[in-house]
There are 2 protein chains.
Amino acid sequence: MQPPHLQPVELSKAYRLLNHGPTVLVSARHGGADDVMAAAWACALDFAPPKLTVVLDKATRTRELVEASGTFVIQVPTLAQARLTQAVGTRSLHDQPRKLADTGVELFELEGFDQPFVQGCSAWLACRLLPEPHNQQTYDLFIGEVVGAWADERVFRDGHWHFQTAPGALRSLHYIAGGQFYAIGESVLVPGPTPD
Amino acid sequence: MQPPHLQPVELSKAYRLLNHGPTVLVSARHGGADDVMAAAWACALDFAPPKLTVVLDKATRTRELVEASGTFVIQVPTLAQARLTQAVGTRSLHDQPRKLADTGVELFELEGFDQPFVQGCSAWLACRLLPEPHNQQTYDLFIGEVVGAWADERVFRDGHWHFQTAPGALRSLHYIAGGQFYAIGESVLVPGPTPD
């Protein structure tokens with residue numbers, strides 16, 4: 001079932017879902033297998049069409065599914081999902097076939113996208129892999145074009161995050177190391193010539 | 001003059017300076033010219049040797065200096081520098097030769113590095129460009145190897161950020177759009193098998 005607060009995000013605003021540098025969950029599906037991993041190294045790359053980069057280690061099952069299917073989902077987990085994010089980031093589907101059930105990951109479907117979306121996140125970006133074999137082999141660096149974007153309207157609407165007024169459990173996570181994250185903090189507005 | 005609280009960071013821990021996704025300042029020097037720009041699209045790429053990616057628009061003077069010198073500095077600005085960060089991100093040295101003075105940027109030097117470092121930041125990563133012409137031309141995507149790293153020991157020491165106990169003015173900035181940033185927030189520790 002789709003999350004009750006999910007709303008589409010204009011593709012021209014999709015970069016804003018990642019612009020503040022959150023740790024993300026990467027999910028992919030191929031041949032009846034779904035996997036979800038955590039990635040601190042994901043970043044916006046372009047505005048229109050929106051593109052992003054993500055680093056996927058060769059040891060991960062998710063990477064194999066991305067390479068095989070040519071598609072993946074980047075989603076922004078919430079403070080309430082800190083334990084889940086750490087868990088999917090430290091266990092492998094290679095070793096633990098029941099990884100998703102064991103880590104509490106619940107998936108949902110979106111019509112027109114044969115990809116696994118993770119329940120409880122604050123934003124979702126459905127991506128098409130732009131194959132760049134040199135980057136993938138040399139740097140583990142993958143480039144995706146964002147072909148669909150959605151957010152939890154309680155925390156992202158009208159093209160902006162509303163962390164300052166949304167429930168605190170919806171704040172984004174920013175991983176450091178050793179199980180330590182920071183949640184995103186307070187809004188800071190610099191007056192200037194570029195309102196939007 | 002070097003900032004009083006500047007201390008070297010082990011290269012094996014340098015990725016942690018960027019792992020939480022802060023907006024950064026990019027600086028470069030060539031032929032007697034220095035420039036500094038803001039970039040929300042910078043990301044760690046590897047642990048050892050540490051590498052990072054940064055997106056540099058073709059319109060920027062900083063990019064020209066990076067391409068000509070083969071070196072650049074990525075630094076993490078603080079909450080106290082929000083106005084400076086917005087200013088260097090919206091003005092170009094092409095149009096405004098006194099951009100650095102006008103935006104309040106003060107530079108310092110580090111022995112052995114012929115690069116401009118920005119005063120008042122919380123962390124600095126000196127980088128050597130790893131030329132990848134296809135990425136640079138097609139995606140504006142630049143890859144650097146980190147060859148030196150330093151931090152303000154009041155907020156990063158022993159391989160970890162200490163935002164929760166450092167002065168609030170030293171928190172990192174995470175840009176969204178239209179002059180709006182978020183400061184990094186509270187620390188969240190997930191107990192698990194990966195302490196460090």
Which of (1) part of a strand (DSSP E or B); (2) away from chain A (no Cβ under 12 Å) does B:ILE184 not meet, given it meets every other one? (2)
Yes or no: the range B:140-147 includes at least one residue that is within 17 Å of the chain's Cα centre (by Cα), surrounded by fewer than 15 Cβ atoms within 10 Å (Cβ to Cβ) and under 24 Å from A:TRP41 (Cα atoms). no
Counting only residues that are within 15 Å of B:ASP35 (Cβ to Cβ), within 14 Å of chain A (Cβ to nearest Cβ) and among the acidic types (Asp, Glu), the range B:103-134 contains a total of 0
Count - residues of the range A:84-116 that are in a loop (DSSP other than H, G, I, E, B), touching a Lys or Arg at 6+ places or on another chain (Cβ under 9 Å) and not basic (Lys, Arg): 6
Out of B:GLN119, B:GLN86, report the one residue that is at pLDDT 95 or above and either closer than 17 Å to B:ALA42 by Cα or among the small types (Gly, Ala, Ser) (or both). B:GLN86
Identify, please: which residue in the range A:84-106 is of a type in the set (S, T, N, Q) and either touching a helix residue (DSSP H, G or I) at 6+ places or on another chain (Cβ under 7 Å) or surrounded by fewer than 20 Cβ atoms within 10 Å (Cβ to Cβ) (or both) and is, among those, farthest from A:LEU173 (Cα to Cα)? A:GLN96
Within the group B:GLN75, B:GLN81, which residue is of a type outside the set (A, V, I, L, M), assigned to a helix (DSSP H, G or I), in contact with a strand residue (DSSP E or B) (Cβ under 9 Å, 6 or more places away or on another chain) and surrounded by 15 or more Cβ atoms within 10 Å (Cβ to Cβ)? B:GLN81
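The values are calculated or read from the model by the stated rules, or taken from the named source; none is laboratory data. All values derive from a computational prediction rather than experimental measurement. So basically every Cβ, Gly included, is an ideal-geometry build from the backbone, and we count neighbours across all protein chains shown.
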